[in-house]
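J.: Structure in structure tokens, see below.
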Amino acid sequence: MREQFTTMLKAAMKAGDKRRVDTVRMITAALKDRDIEARGQGKEVSNEDILALLQKMVKSRQESLGIYEKAGRDDLATQEREEIAIISEFLPKQMGDEEVAAAIKASIAAVGAASMKDMGKVVADLKAKYTGQMDFAKASAAIKSALGG
């Protein structure tokens with residue numbers, strides 16, 4: 001994934017795409033921060049960690065987008081939309097509601113979950129298999145209802 005960032009940055013610089021250059025630089029800066037943090041803990045940043053970071057960045061921009069739209073700041077809202085689109089290019093295709101429901105059912109069966117006490121196991125199983133492909137905040141609500149919570 002790191003190579004993708006470098007390749008896209010070079011292409012954006014050659015094309016003179018300022019927004020893309022700024023956004024990719026922002027991603028690489030956040031990734032360097034994550035690298036430094038992980039090094040302090042004696043770990044390495046995996047592709048799953050990078051995907052989680054990108055999802056967090058998209059979610060943050062979506063929240064900002066809502067605020068800017070309510071405040072009537074179309075210029076800033078447009079900037080957030082563009083950044084979301086650029087960051088999303090690095091994320092795998094998002095799963096649809098039906099696919100998420102099927103994945104949750106399969107995960108519940110795989111870990112043998114029977115009650116709300118097992119929710120953590122189900123979420124961990126889903127994160128291991130589908131990082132970057134589903135919104136785990138929404139999935140958590142579906143898991144709760146599937147487990148009778």
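J.: Quick check: Cα centre of the stretch 110-149 to Cα centre of the stretch 70-102, how many Å?
T.: 23 Å
J.: Sticking with this structure for a sec: Nearest 10 degrees is fine. How inclined is helix 74-88 to the longest principal axis of the chain, computing both from alpha carbons?
T.: 60 degrees
J.: How about the stretch 91-149: which trypsin sites (Lys or Arg not before Pro) there are in a DSSP loop, with at most 12 other Cβ atoms within 10 Å of their Cβ?
T.: Answer in residue order: Lys93.
J.: Given the DSSP H assignment, sum -39500 (n - 2.57) over each helix run of at least 4 residues in the chain and divide by its residue total; what's the result at 222 nm in deg cm²/dmol, nearest 500?
T.: -25500 deg cm²/dmol
J.: Among Thr131, Met119, Ile104, pick out the residue whose Cα is farthest towards the positive end of the charge dipole of the stretch 97-146, where Lys and Arg carry +1 and Asp and Glu carry -1 on C-beta, about the Cα centre.
T.: So the residue we want is Met119.
J.: Here is a further query. Quick one, what does Rg over Rh come out to for the chain if you take C-alpha atoms and the Kirkwood Rh?
T.: Checking Rg against Rh, the ratio lands at 1.04.
J.: How far apart, in nm, are two points set 7 Å out from the Cα along the Cα-to-Cβ line at Lys14 and at Ile67?
T.: About 3.8 nm separates the two model spin labels.
J.: Quick one: angle between helix 119-130 and the longest Cα principal axis of the chain, in degrees between 0 and 90, rounded to 10, please.
T.: Rounded to the nearest ten degrees, it is 50.
J.: While we're on this one: Under unit Cβ charges (Lys, Arg +1; Asp, Glu -1), what dipole magnitude, rounded to 20 debye, does the stretch 1-142 have relative to its Cα centre?
T.: For this selection, approximately 260 debye.
J.: Roughly speaking, what is the stretch gain from Lys129 to Arg81, that is 0.36 nm per residue apart minus the C-alpha to C-alpha distance, in nm to one decimal?
T.: Taking 0.36 nm per residue and subtracting the Cα distance, the gain is 14.5 nm.
J.: Starting from the Cα of Lys32, draw a straight line to each of the lysines and keep only those under 30 Å, dropping any in the same chain fewer than 8 residues away.
T.: Once the sequence-local lysines are set aside, what remains near Lys32 is Lys10, Lys14, Lys18, Lys43, Lys56, Lys59, Lys93, Lys127, Lys129, Lys138.
J.: Sorted from largest to smallest, which semi-axis lengths in Å does the alpha carbon gyration tensor of the stretch 2-88 give for its equivalent ellipsoid, taking the root of 5 times each eigenvalue?
T.: 25, 18, 9
J.: Going by alpha carbons, how many degrees (0 to 90, nearest 10) lie between the helix axis of 2-15 and the longest principal axis of the chain?
T.: The angle comes out at about 30 degrees.
J.: Measure off 7 Å from each Cα along the Cα-to-Cβ vector at Met1 and Ala141, then give the distance between these two points in nanometres to one decimal.
T.: 2.6 nm
J.: Taking the Cα-to-Cβ direction at Lys121 and at Leu91 and moving 7 Å from each Cα, how far apart do the two end points lie in nm?
T.: Once both label points are built, they end up 2.9 nm from each other.
J.: Take the stretch 97-146, compute every pairwise Cα distance, and split them into 10 Å bins from 0; I just need the percent in each bin.
T.: In order of increasing distance, the bins hold 29, 64, 7 percent.
Here, each number is a calculation from the coordinates, and none is a lab measurement. Small disclaimer: the values here were computed from a predicted structure and weren't measured. Heads up, the Cβs are rebuilt from the backbone with ideal geometry, glycines too, and the neighbour counts pull from every protein chain shown.
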